[in-house]
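The block underneath contains the structure these notes are about, expressed in structure tokens.
Values in this text are rule-based calculations from the coordinates and carry no lab data. In this text the structure is predicted, and so the values were computed from the model without any measurement. Cβ coordinates were reconstructed from backbone atoms using ideal geometry, including for glycine residues, and neighbour counts include every protein chain displayed.
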Amino acid sequence: MRAMRIVGLALAAIMLGGLALVASGQAEQSRIAGLPQDVLSQPMQGVHSAILAKFNYGLGLFRHVREPSRRADGSVEGLGPLHNAQSCFACHIRDGRGAMPDDGAETVGLVFNLVGPDGPDPVYGNQLQDRAVDGLLPEGRPVVDWHETEIHFADGAPIALRAPRFSIADLAYGPLDPATRIEARLAPQLVGLGLLEAVDEHALAALADPDDADGDGISGRLNLVEAEEGLVAGRFGWSATAPSLEAQSAKAAHLDMGLTAPGFEAPGGDCQPAQAACRALAHSDRLDLSANDIFLMAFYVAHLGLPDRPREQDGEVAAGEAVFGTLGCGACHRPVLTTSLDAPPEFADRTIAPFTDLLLHDMGPDLAGPRGSEWRTPPLWGIGLTEQVSGVTRYLHDGRARNFAEAIAWHGGEAEAARNRFLALDARERAALYAFLGAL
Ligand code: HEC
Ligand code: HEC
């Protein structure tokens, strides 16, 4: 059984309330096998069969391996021309995060953003597409070089850190603009995102302290972004640039797979006016994805269920939770949030434990990229399942950290004090902290 902690409680509450939302959905089987590596791919438990039906449609779109098809006029549709992957699922491994194995196996879900002083690279656009349809050259091949350093805990135990340096091999359309910088981002896990979308914006704003009025060294700011409704809270992506799951999904379809969708209508996705061959293959007469397709993909992501936490009550895990509290990690990785009363019923009025505040924090120069040093606090729920789901553990926005110790040791800026307290822990306290994170 994969009954979920908070969801389970809420379901009980719903049934007591006598609402129509009783677990009738269980009549409809999910299409996902119950293998250990599929633990993040299960639908929320106890939802209505109409929700499961939409979830299954969205699942089909999310996993659909797209193939380009050639039209009578020579243009292609269905994928590309330039692209990074043929499905959403290809990068978000089993709905978990991407992977950068050391054993020579292929890197999965690492995207190179191209950042110029005034926007995208004039030739290569917003991101590197390392694949292309037949007859067109991919833009280039992403390359990551590592520079190892070693730091030490107060008790002398070492942590090997590796800083990435990014470059592009086999650039097919001439050099990058000299001012263009590369920022790499690893596909994040897709855990509990419908609940995070359901947290009231005012509740997030109340957590922000942009001028650090309380003097605790931690500020945090809401990233306000343009949406149809005006300025709203950005929540999704490593720097909280997407205000909704639909916005993130449409952008992904456009930039990662070259598909057009409402609001993302430029023919050929990220193919720039300077890329004449790509433009010639792109079609502009109809959209690849409808608003309903985007809705269903986002619906699928939103309704992925939270995994069970069987080890939550272990002694060592509980000790680690206390360490997490003492170090002050929860100032950003908030252990308790509540969702809005106005959200869809399956998400509304819940107390959740996502371990994020969805705010941007200055994480210091070591984690800074060309867009600066602010990152959104990533949710930590589900993080302990990374290896089980993605096959390898890679953390932080560019996947540089191979384990929890490295991930925490890279924290700087607003999190520097918490990191220094972490480095002062003894071996037993550290083990407890890792056990706690591993049980999330
Ligand atoms: C080429 C790899 C790749 C593909 C394909 C891809 N994604 Fe992603 N996805 C990413 C990366 C990288 C990020 C982080 C983006 C950022 O930080 O701006 C991300 C972020 C997300 C997020 C936000 C998660 C969070 O916690 O904030 C959602 C939702 C998402 N993707 C859904 C999709 C959907 C739906 C599709 C298919 C239409 C898709 N992705 C295809 C790489 C990919
Ligand atoms: C000032 C806010 C802040 C504090 C305090 C903080 N973190 Fe973080 N944490 C972040 C941000 C932001 C990131 C993402 C940084 C990046 O990707 O470059 C992050 C990333 C992580 C990750 C990797 C998550 C992932 O999905 O890859 C882990 C694990 C983590 N933090 C644990 C901790 C622990 C344990 C503590 C306490 C010692 C702590 N953090 C304190 C803001 C904070």
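Normalised by the number of residues in the chain, the mean separation of alpha-carbon contacts (under 8 Å, six or more apart) gives a relative contact order of 19 percent.
If you average the C-alpha positions of the stretch 418-432 and of the stretch 112-149 separately, how far apart do those two centres end up, in angstrom? After rounding, the separation between the Cα centres reads 38 Å. The radius of gyration of the Cα set in the chain, together with its Dmax, comes out at 21.9, 69 angstrom. Modelled spin labels at residue 177 and residue 371, positioned 7 Å past Cα toward Cβ, are 1.6 nm from each other. For a distance above 15 Å, tell me the whole-number percent of Cα pairs in the stretch 219-258 that qualify. Here the tail beyond 15 Å accounts for 41 percent of pairs. Annotation: extensible slack from residue 226 through residue 336 equals 36.8 nm (criterion: 0.36 nm per residue apart, minus Cα-Cα distance). The Rg/Rh ratio of the stretch 312-359, with Rg taken over Cα atoms and Rh as the Kirkwood radius over Cα pairs, comes to 1.10. Our summary of shape: the Cα atoms of the stretch 138-285 have principal axis extents of 58, 44, 29 Å, ordered from largest down, in whole angstrom.
Principal axis extents of the Cα atoms in the stretch 94-220, from largest to smallest and rounded to whole angstrom, are 57, 44, 35. Shape annotation for the stretch 209-296: C-alpha extents along the principal axes are 56, 30, 19 Å, from largest to smallest. Annotation: the stretch 33-77 has a Kirkwood hydrodynamic radius of 13.3 angstrom, from the mean reciprocal C-alpha pair distance. Assuming a ≥ b ≥ c are the square roots of the Cα gyration tensor eigenvalues, decide whether the stretch 68-134 counts as rounded (a/c under 1.5), prolate (otherwise, with a/b larger than b/c) or oblate. Cα axes put the stretch 68-134 in the oblate bin.
Label point of residue 427 set 7 angstrom out along Cα-Cβ; within the stretch 154-168, amide nitrogens under 13 Å from it belong to 155-158. For the stretch 116-179, the Kirkwood hydrodynamic radius comes to 14.6 Å, computed from all pairs of different C-alpha atoms.
Placing dummy labels 7 Å off each Cα toward the beta-carbon, the span from residue 292 to residue 216 is 4.8 nm. The Cα center of the stretch 299-349 and the Cα center of the stretch 225-240 differ in position by 22 Å.
By the Cβ rule of 4.7 Å, the chain holds the following cysteines without a possible disulfide partner: 88, 91, 329, 332. Remark: the residue 72-residue 147 segment gains 22.0 nm on full extension, using 0.36 nm per residue and subtracting the alpha carbon distance.
Viscosity 1.567 mPa s, temperature 4 °C: what is the translational diffusion coefficient of the stretch 272-405 from Stokes-Einstein with a Kirkwood Rh over Cα pairs, rounded to a whole number of µm²/s? D, rounded to a whole number, is 69 µm²/s.
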